[in-house]
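The numbers here are math on the coordinates, done by the rules we state, and not lab data. Worth saying up front: this structure is predicted, and the values here are computed from it rather than measured. Cβ placement follows ideal geometry from the backbone for every residue including glycine, while neighbour counts extend to all protein chains displayed.
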Amino acid sequence: MADGESRPARVEDVHELALAMPHVTIYPGTEDRPVYQVGGKSFVFFRTPRPDAVDPETGERYPDVIVFWVGSEDDKQALVQDEASPFFTTAHFNGHLSVLLRGSRIGELTRDELAEIVQDAWLSRASARRAAAWLDAHPPG
């Protein structure tokens, strides 16, 4: 990757990385909370504040939650089980192959790490043909 790719990730990077994947469409959602889709299936979206994701001290709903699909329950657990990880889940997402990340904590990831999360989210939702074509064009380095 180019120099600077290991810098801290930013929320803007989510948009850039999602749009860089092939066959992506944007479901409008709300003006500032787009839903990125491949083949009509969401893979990343910016969630509206909900009662299941709140500040434990104030009870205020988190205004900056981003949802990323994952490929399996094992992938989900690998991201959320470490308490130091910025990824989390809530009871609302039990049984749902996705993880949550607060925009305010995205800088705990590098841009490279975020790119991998977005790519994995896309791969988990793309058709087998599209996923295989992308993987052929982007062999692990």
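A few comments on the model shown:
- Most fluctuating residue given options PRO28, PRO86, PRO63, as computed from a GNM of the chain linking Cα atoms under 10 Å: PRO28
- Going from the fewest other Cβ atoms within 10 Å to the most, the residues ARG33, ARG125 appear in the order ARG33, ARG125.
- Entry for Cα extents along the principal axes in Å (calculated from the structure that is shown) out of [x] 44, 34, 22; [y] 80, 32, 29; [z] 47, 33, 32: [z]
- For the range 24-82: rounded, prolate or oblate by the Cα gyration tensor [a/c cutoff 1.5]: oblate
- The GNM of the chain, with springs linking C-alpha atoms under 10 angstrom apart, assigns the highest mean-square fluctuation among ALA78, ALA121, ALA53 to ALA78.
- Each helix, a run of at least 4 DSSP H residues, gives -39500 (n - 2.57); summed and divided by the residues of the chain, these come to -9000 deg cm²/dmol at 222 nm.
- Cβ crowding within 10 Å ranks SER85, SER124 as SER85, SER124, fewest other Cβ atoms first.
- Qualifying trypsin sites (Lys or Arg not before Pro) in the range 23-72, where qualification requires a DSSP coil assignment and no more than 15 other C-beta atoms within 10 Å, are lacking entirely.
- Ascending count of other beta-carbon atoms within 10 Å, so fewest first, for TYR36, TYR62: TYR62, TYR36
- Å³ per residue enclosed by the Cα convex hull of the range 51-134: 104 Å³
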